[in-house]
Amino acid sequence: MASSFTKWELPLYLSLVHAGFPSPADDHLDRKLDLNDYLVRHPAATFFVRVQGRSMFPTLRHGDLLVVDRSLEPGNRDLVIVSAGGEVAVKRLVSTGGRRMLVSDRDGYPAIGPGGEDVAHWGVVTHAIRTFKP
Amino acid sequence: MIALVDCNNFYVSCERVFDPRLCGVPVVVLSNNDGCVIARSNEAKALGIPMGTPFFKVRDLVRRHGVRVFSSNYALYGDMSERVMLTLGEATPDVEVYSIDEAFVRLHASDEAAGLRRRVLRDTGIPTSIGVGPTKTLAKAANRFAKKRATCGVFDLSAGGDVDDLLADLPVADVWGIGRRWAAKLCAAGLPTARHLRDADDQWVRRHLNVTGLRTVHELRGIPCIPFEEMPVERKTVTCSRSFGEPVERLGPIREAVAHYAAQAAAKLRREGLAAAILRVFVTTKYYGEEPHRTGLYTLTLPRPTAFAPDLVRYAKLGLERAYRPGYAYRKAGVQLMGLSPADRVQGNLFVAADPRRQARLMAMMDRVNRRFGRGTLFLAAEGTGRSWAMRQARRSPRYTTRWDELALVRAA
C-alpha cells in the first residue's frame, strides 16, 4: 500500500513542531513534503516494480524502480506494464492508425504486435526512480 | 440495492497478479506450517482437491498434475485486500468490509455492479463475483449464483429470473446466518432449502430459531432487517467495532476506542484458541449526502500469528495512525483480525502465567530492540508457534507489495 511505504518527510519552512495531535485546522498549514503525494495519485491502484534488463535503455535502466498506476487508461507513447508469455514486462505502447504495438526503446529488441502472443495490459508507468548513490 | 462483492479464490488471485504463469494452471495455497490447503484455483478444484485437506493427502495428486503450491503470504494478501476495499470505498457510497475478501456495498442502481467489478479488476488485478439483492441475505445468496452460473461474475437477484426457483436451489445450510445446528433442525423439520425457509411460518421460526432466525427469514423475503453496520460473526474473521455515540474528529478518543476493540478481539481469539496473522484497523464516517465521506483503512501483517493482547493493541494503534486523517467526523471505528489459525497450546498457558509487570518491561525492551534492529528481531517465545511456522513457509512467494527488496521484477529484454 502506498501509504505504508517509507515516508520521506522534508521540512519546508515550518518554524514550529507541534506536539500532540493535529487539529483539523492543520490542514491549512504548510506541511512537510511527502513524496507519496508527488508519486502516487491512486494509492489503491499504485504498485512499485523493478526493471530487470536493458531493452528500454536509455529511458529506463536495469534496477530502476517504476511507479505503476493500474487505474489509468494507456495512451500512445506511454510506458506500460504488460503480462506477455507468462512474464510481466515493460514496453512502450505505440498506436499508429488504430494498430497498437508494444516496442522497446532500444534497437534490436523484439516488438510485440497485436495478436502475437497472449498479451494482457497490467498498468501504466507514471514515474521512474533511479538511485545514484545508495 | 445491496451488493456482496467477493474476491474469487482470493489468495490464488493475489499470487496471479504478480506471476502470470500461474494463470490457467492449478494453484493451491497452504495454511501456516504448510499444513492444509486453504485456497484453490478453479483448476485445482476441478482436480478434486478439497478445501481444508491436509497437504500430505493430496501430495500425489499435486505431483501428477503439476499443481503449483504456495505457503500463505499474508503480507501480500492483507495488502491486496486493503486495495480492493479502498477501491470499493472510492467507487460506492457505503462499504462494510466483511472479511479479508468480502465486502457489502450499497449501490444506487443494480446495474452499477458490472462497472464496479471491472474497476476492481483493473485497479487491483483481483477478479470478483458480485451478488446483488434488496437485502444482505439475498445479496449473499445472489453471490453464490454469481459464482456458479453467471459468466460475467455478476448476478442480480432482482433482475428478472425466477427467485422462487433460485431459492429452491439453495440449501438452507448455505443461507447467510444459518449455522450448522439450525440447518440440521430445519432439514429435520422438512425445510431443506432457502425457499422453504422463506415461506416458513413466522411463529414456527420464532419458536425454533428465535428472533435472529426470523430476521433471516424476513431478509429472504426482501425486507432489510440486518442493518448495514451490523454483521454476524464469521469464523474466518474476528471483528470488534462500534459506532460512536457522537461523531468524533480527534485521534485521541478514537485511539482509545480502537485499543479497546483490539483487546476485545484478542480475548475473542483466545477464547476460540486462535491466533491472527493480519490486523486491520478502520475508521469511517457515515454517508450523509453532503458531509465529507471517508473510510480509512490500514492493514498490518503481524510478524507472527498472535493472540497476545498487548501486541494486538499496539499494532492496532499503529494502524490507526495510518488510517486516520484529520478533518472528518468519524462515526465508527473497528479492528478486524484475519488469517486465523489454531494457536499453539504453549501460547495460551504463557498468557495465564505471565506477570504483567515483568511482561510490560520485557515488551518495552523488545520494542527498543525491534525499533533499532528491525521488526521481528526479538519476539516472545509465547508467540512461538512462530519458530516452527516461520521455517515451514518454504513455498512463500515474494512479498511484492510490502518489501522493497521483494518487488516484482518487470522484464526489459
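The values are calculated or read from the model by the stated rules, or taken from the named source; none is laboratory data. The shown structure was predicted, so the numbers you read here are calculated from the model rather than taken from an experiment. In this analysis, Cβ positions are derived from the backbone assuming ideal geometry, glycine residues included, and neighbour counts consider all displayed protein chains.
Below is a table of values for the structure above.
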| quantity | calculated |
| --- | --- |
| Filtered residues of the stretch A:10-41 (kept if in contact with a helix residue (DSSP H, G or I) (Cβ under 9 Å, 6 or more places away or on another chain), at pLDDT below 95 and either outside any loop (DSSP other than H, G, I, E, B) or within 7 Å of chain B (Cβ to nearest Cβ) (or both)) | A:LEU10, A:PHE21, A:PRO22, A:ASN36 |
| Of residues in the stretch B:154-171 being assigned to a loop (DSSP other than H, G, I, E, B) and of a type in the set (A, V, I, L, M), the one surrounded by the fewest Cβ atoms within 10 Å (Cβ to Cβ) | B:ALA159 |
| Positions within the stretch A:29-48 being under 24 Å from B:LEU88 (Cβ atoms) and either among the hydrophobic types (A, V, I, L, M, F, W, C) or crowded, with 20+ Cβ neighbours inside 10 Å (or both), in sequence order | A:LEU39, A:VAL40, A:ALA44, A:ALA45, A:THR46, A:PHE47, A:PHE48 |
| Residue in the stretch B:27-50 that is surrounded by fewer than 20 Cβ atoms within 10 Å (Cβ to Cβ) and either within 12 Å of chain A (Cβ to nearest Cβ) or of a type in the set (Ser, Thr, Tyr) (or both) present | no |
| Spans of strands (runs of 3 or more DSSP E) in the stretch A:68-107 with at least 3 residues of a type in the set (A, V, I, L, M) and more than 8 Å from every other protein chain (Cβ to nearest Cβ) | A:79-84, A:99-103 |
| Conditions (1) closer than 13 Å to B:ALA408 by Cβ; (2) facing chain B (nearest Cβ under 7 Å); number of the one not met by A:MET56 | (1) |
| Residue check for B:TYR11: out of contact with any Cys (no Cβ under 8 Å at 6 or more places or on another chain), in contact (Cβ under 8 Å) with a residue 12 or more places away in the chain, part of a helix (DSSP H, G or I) and among the aromatic types (Phe, Trp, Tyr) | yes |
| The stretch A:108-120, residues that are part of a strand (DSSP E or B) and either at the interface with chain B (Cβ under 9 Å from one of its Cβ atoms) or at positive phi (or both) | A:ALA120 |
| Members of the stretch B:128-153 that are in a helix (DSSP H, G or I), more than 20 Å from B:SER13 (Cα to Cα) and of a type in the set (Gly, Ala, Ser) | B:ALA139, B:ALA141, B:ALA142 |
| Some residue of the stretch B:210-229 being of a type in the set (Ser, Thr, Tyr) and either at pLDDT below 90 or touching a Leu at 6+ places or on another chain (Cβ under 6 Å) (or both) | yes |
| Single residue of the stretch B:172-188 satisfying the filter (surrounded by 14 or more Cβ atoms within 10 Å (Cβ to Cβ) and of a type in the set (A, V, I, L, M)) that is farthest from B:VAL120 (Cα to Cα) | B:LEU186 |
| Neighbours by Cβ (under 8 Å, 6+ apart or cross-chain): first from the stretch B:114-128, crowded, with 20+ Cβ neighbours inside 10 Å; second of a type in the set (Ser, Thr, Tyr) and in a helix (DSSP H, G or I) | B:VAL120/B:THR87; B:ASP123/B:THR87; B:THR124/B:THR87; B:GLY125/B:SER13; B:ILE126/B:SER13 |
| Complete set of residues in the stretch B:182-201 that are touching a residue at least 12 places away in the same chain (Cβ under 8 Å), more than 18 Å from B:LEU138 (Cβ to Cβ) and among the charged types (D, E, K, R) | B:LYS185 |
| Exclusive hit being at pLDDT 65 or above, small (Gly, Ala, Ser) and touching a Gly at 6+ places or on another chain (Cβ under 6 Å), set B:ALA329, B:ALA394, B:ALA323, B:ALA408 | B:ALA323 |
| Leading residue by the ranking (nearest to B:PHE18 (Cα to Cα)) among those in the stretch B:51-78 that are surrounded by 17 or more Cβ atoms within 10 Å (Cβ to Cβ) and hydrophobic (A, V, I, L, M, F, W, C) | B:LEU76 |
| Residue identified as of a type in the set (Phe, Trp, Tyr), modelled with pLDDT under 90 and farther than 23 Å from B:ILE38 by Cβ among B:PHE282, B:PHE379 | B:PHE379 |
| Meets criteria (assigned to a strand (DSSP E or B), at pLDDT 90 or above and among the small types (Gly, Ala, Ser)) for B:ALA39 | yes |
| Checking B:THR87 against (1) in contact (Cβ under 8 Å) with a residue 40 or more places away in the chain; (2) within 14 Å of chain A (Cβ to nearest Cβ), the condition it does not meet | (1) |
| Positions within the stretch B:247-275 being modelled with pLDDT under 90, buried (at least 18 other Cβ atoms within 10 Å of the Cβ) and within 14 Å of chain A (Cβ to nearest Cβ), in sequence order | B:VAL248 |
| Output for the stretch A:38-56, where each listed residue is over 23 Å from B:ARG122 (Cβ atoms) and charged (D, E, K, R) | A:ARG54 |
| Checklist (1) at pLDDT 95 or above; (2) facing another protein chain (nearest Cβ under 9 Å); (3) over 27 Å from B:PRO398 (Cα atoms) applied to A:ARG50, failing item | (3) |
